[in-house]
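What follows is calculated from the coordinates using simple rules that are stated; it is not laboratory data. Remember, it's a predicted structure, so these values are computed and weren't measured experimentally. Heads up, the Cβs are rebuilt from the backbone with ideal geometry, glycines too, and the neighbour counts pull from every protein chain shown.
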Ligand code: PMP
């Protein structure tokens, strides 16, 4: 490498503003500078090896430096890197759209491309709103509001933040946002007075129904992370919850938007999470795993019915006026298409399902640690809620505890992240049983070691 590590560290601290990061603390730390990856591992500039337990922010499907994905990218880059979808089409974006329509639930058949999950959500919200406006009947003109769950996370752009429910991230921007209608999330572990997840779920559904009875006529859509609220700390929804949400949306004439950005492409053990509840949303957002982590790409899919409401004479002003420069980028679409073909060829979904059972067995061992309050898992995503006291479920006031656990794991060769009091594991979907086991062992050792340190001090 032509640069010294110290030099890179200095420039990183001087020039790069990192996401979701308190830069004062970051600049006092020793940054981890990653240089290359191979399979389940990342390597830093000194050649140290780390198990990638975060799948490079939940995007990695087949492992780093996959020869097949590399080839797909090389083939495309030698043809063309980009042209625009504004007034023209391109081969990879056509083939990928066709593929997406084939693999997503039933009636989703129209694909609008973008480049981040947040943009896919913005597009979903705008399409949902304009859909009702485009219908000729005046009775739908009031449909301008959106319902989302408490602790929801749908991205960081203004519309996505508007439907977000995470105080820590979203409170400061309140004056800039449109109003959302919140509804309770079945976060059973933190809900007082409910003994089972079924009871917690029934309560949330009841509250949602009351809301829809009162306000349904003003609501354009309900947006939900199906099965798991990822960023809120892997809040796993009880079985049947999503199906009930779908039922209510249909009954009260509200579009159901499933944000599959985090859970799509195999993460929960099915290609898309909503399949597990046999739910077909009106609009679906995908991103992250769509290219296996190679290129920024996202998409918003809708039904024929929604799409048809935008078909009109230009003078009627029913066009969807939205588009980004990199919409339908050829490199991204080509690698996404190959990624999906490989998911099929390698029978990845079947193997994720099997690995999820093994992963669960390893995870349950973490309950041996008295400070592990709750273990939540769906497929190959897991959250370990760390508490000061298992009885009261109180969390450590000192936020450094969680950061220290992540640092201890890094020192033992594992990259993971915390979300509030939750240690989150998001392994690469192609990881072996042995690697999953090692990951959980490191988490075990790291929690034990750090908590012991805090108890003494
Ligand atoms: N929706 C969900 C459910 C997400 O988890 C995320 C990102 N973690 C997003 C949307 C936003 O995606 P991006 O970071 O690509 O904008």
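Calculate how large, on average over all directions, the projected area of the Cα convex hull of the range 100-155 is; give the answer in nm² to one decimal.
5.3 nm²
Where both residues lie in the chain, what percent of DSSP beta bridges are antiparallel, nearest 5?
The antiparallel fraction comes to roughly 65 percent.
What are the principal axis extents of the Cα atoms in the range 124-165, in Å, biggest first?
34, 17, 11
How long is the gain from residue 313 to residue 81 if the chain were fully straight, where each residue apart is worth 0.36 nm and the alpha carbon distance is subtracted?
80.2 nm
Working from the pairwise distances between different alpha carbons, so that the mean of 1/r is found and then inverted, what is the chain's Kirkwood radius in Å?
For the chain, the Kirkwood estimate is 23.1 Å.
Taking the range 237-289 on its own, what percent of its Cα-Cα pair distances exceed 14 Å?
51 percent
Quick one: what Rg and Dmax do you get for the range 208-323 from the alpha carbons, in Å?
15.8, 47
Need the C-alpha centroid separation for the range 316-369 versus the range 377-414, integer Å.
If we compute the Cα centre of each part, the gap is 26 Å.
Jot down the per residue volume, in cubic angstrom and as a whole number, of the convex hull over the alpha-carbon atoms of the range 272-424.
Details: hull volume 32.4 nm³, N = 153.
Measuring per residue, one finds 212 Å³ for the Cα hull of the range 272-424.
Between the range 110-143 and the range 17-84, how far is it from one alpha carbon centroid to the other, in angstrom?
33 Å
What ranking of 137, 394 emerges when the number of other C-beta atoms within 10 Å of each C-beta is taken as an exposure proxy, fewest first?
Ascending number of Cβ neighbours within 10 Å: 137, 394.
Express in % the proportion of alpha carbon pairs of the range 1-96 at distances exceeding 15 Å.
Value for the range 1-96: 73 percent of Cα pairs lie more than 15 Å apart.
Run through every distinct alpha carbon pair of the range 385-429 and return the Kirkwood hydrodynamic radius in angstroms, one decimal place.
Taking the inverse mean of 1/r over all distinct Cα pairs, the range 385-429 comes out at 11.3 Å.
Which percent of the Cα-Cα distances in the range 156-279 go past 19 Å?
The share of Cα pairs beyond 19 Å in the range 156-279 comes to 51 percent.
Quote the FRET efficiency, to the nearest 0.05, computed for residue 214 versus residue 167 with a Förster distance R0 of 25 Å and r equal to the Cβ-Cβ distance.
Computed FRET efficiency for residue 214 and residue 167: 0.55.
In µm²/s, what is D for the range 1-49 at 4 °C and 1.567 mPa s, where D = kT/(6 pi eta Rh) by Stokes-Einstein and Rh is the Kirkwood radius from Cα pairs?
109 µm²/s
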